[in-house]
Amino acid sequence: MSEPLQRLLRIHDLSVSLPGPRGTRLQALRHVDLTLDRGESLALIGESGSGKTLTALTLMGLLPPGAHVDGDVTLSGQSLLALDEDAWGHWRGRRVAMVFQEPLTALNPLQRILAQVMEPILLHRLAPDRATARAHALAQLARVGLDATHARAYPHELSGGQRQRALIAMALAAEPELLIADEPTTALDAVLRLQILDLLQSLVTERGMALLLISHDLALTARRVQRLAVMYGGRLMEQGRAADVLAHPRHPYTQALWAARPRLGAGRDQPLQVLPGGVPSLSQIGPGCPFHPRCPLAQARCAQEAPPWTGHLACWEVAP
């Protein structure tokens, strides 16, 4: 019998506002509630501009200047919102680490890959000397499928998939409890995307850490995580076990994302379904449900009042 999972991350009623024009405040995240257990994987899904990356930056203490945060975020019982910059220096990389979206930008172009993977090991004093740190870094690179030749290379000498693997090795070097992967398969072909997602899930299983995977691709991501949370306009729309959400998507936005997926074997005369309109800017979001201008079920109250979050769903027109 497997051991029960232990709660690692708790996000409660998280709201983030950013400075707007002429002294205004723009609400970027609204009352977000998420939990994540050790050994568990959760995908945060939504179109660009939905608030996914801002949620991740909140967890990393990397919000832009002028951001104001309300709510509570705890990792292993420690309130992350109470940490000062010195304390964050001990938490980033060691307790929570992030695989950023663009590896060629995230990696230092002037340093070899090995030196970059060694950096968090040395920074957090996880090895008694450089020789031990080097051996540990090479072991991390080997775990993600890279060898000594890749370790000696500069980022521009690697392929896109190899750079992504190097960035994962760097994020894992200090053995964090929580790994955040922000669009880790961007610009990769279909085979490499699957390989990277499978690698991340296998690392979660092996190490017992937690994975927060950020993606706009519901079809690709959902079958490789345990739970899904769908976000739009800075709010959660739907959340549940990945298999349940895929089998029976309930929120109109989740249904639209699922309907827009490419289908294997579909003929050229079968175009993809398109969700009309676009994600609103922060200044366009009113007091109601942010999805209502694009929603086929929208009624008058949807524009006036945001539906309550039940823990699984936020929609006036779908029964909880």
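Worth a mention:
- Residue among Thr35, Ala314, Gln162 farthest towards the positive dipole end of the chain, charges placed on Cβ: Gln162
- Mean separation of Cα contacts under 8 Å, 6 or more apart, over the residue count of the range 1-133: relative contact order %: 23
- Taking Cys302, Cys315, Cys289 and counting other C-beta atoms within 10 Å, the order from fewest to most: Cys302, Cys315, Cys289
- Modelled spin-label separation between Glu317 and Gln201, with each label point placed 7 Å from Cα along the Cα-to-Cβ direction: 3.3 nm.
- The range 104-183 and the range 1-72 have Cα centres spaced 26 Å apart.
- Only Lys, Arg (+1) and Asp, Glu (-1) charged, at Cβ; the range 59-203 dipole about Cα centre in debye: 600
- Going through [x] -0.42; [y] -0.30; [z] -0.26, the figure that equals log10 I(q)/I(0) by the Debye sum over Cα atoms at q = 0.07 Å⁻¹ as computed for the structure here is [y].
- 16 Å reach of a label modelled at Arg261, 7 Å along Cα-to-Cβ, counting backbone N of the range 215-235: 215-231
- FRET E, pair Ser79, Asp189, Förster distance 45 Å, beta-carbon r, rounded to 0.05: 0.65
- Rounded FRET efficiency, nearest 0.05, which uses the C-beta distance separating Ala115 from Asp33 and R0 of 41 Å: 0.55
- Net length gained if the chain between Arg10 and Arg22 were fully extended (0.36 nm per residue, minus Cα distance): 0.9 nm
- Dipole check for the range 164-311: with +1 at the C-beta of Lys and Arg, -1 at the C-beta of Asp and Glu, and the Cα centre as origin, the magnitude is about 400 Debye.
- DSSP assigns beta bridges within the chain; of those with both partners inside it, close to 55 percent run antiparallel.
- The chain: relative contact order as a whole-number percent, Cα under 8 Å and 6+ apart: 20
- Ranking of Val318, Val117 by count of other Cβ atoms within 10 Å, fewest first: Val318, Val117
- Charge tally in the Cβ shell below 13 Å around Leu146, where Lys, Arg are +1 and Asp, Glu are -1, Leu146 excluded: +3
All of the numbers you see were taken from the coordinates with simple rules; none came from a lab. The model shown is predicted, which means the values in this text are computed figures rather than measured ones. Every residue, glycine among them, receives a Cβ derived from its backbone with ideal geometry; neighbour counts consider all protein chains shown.
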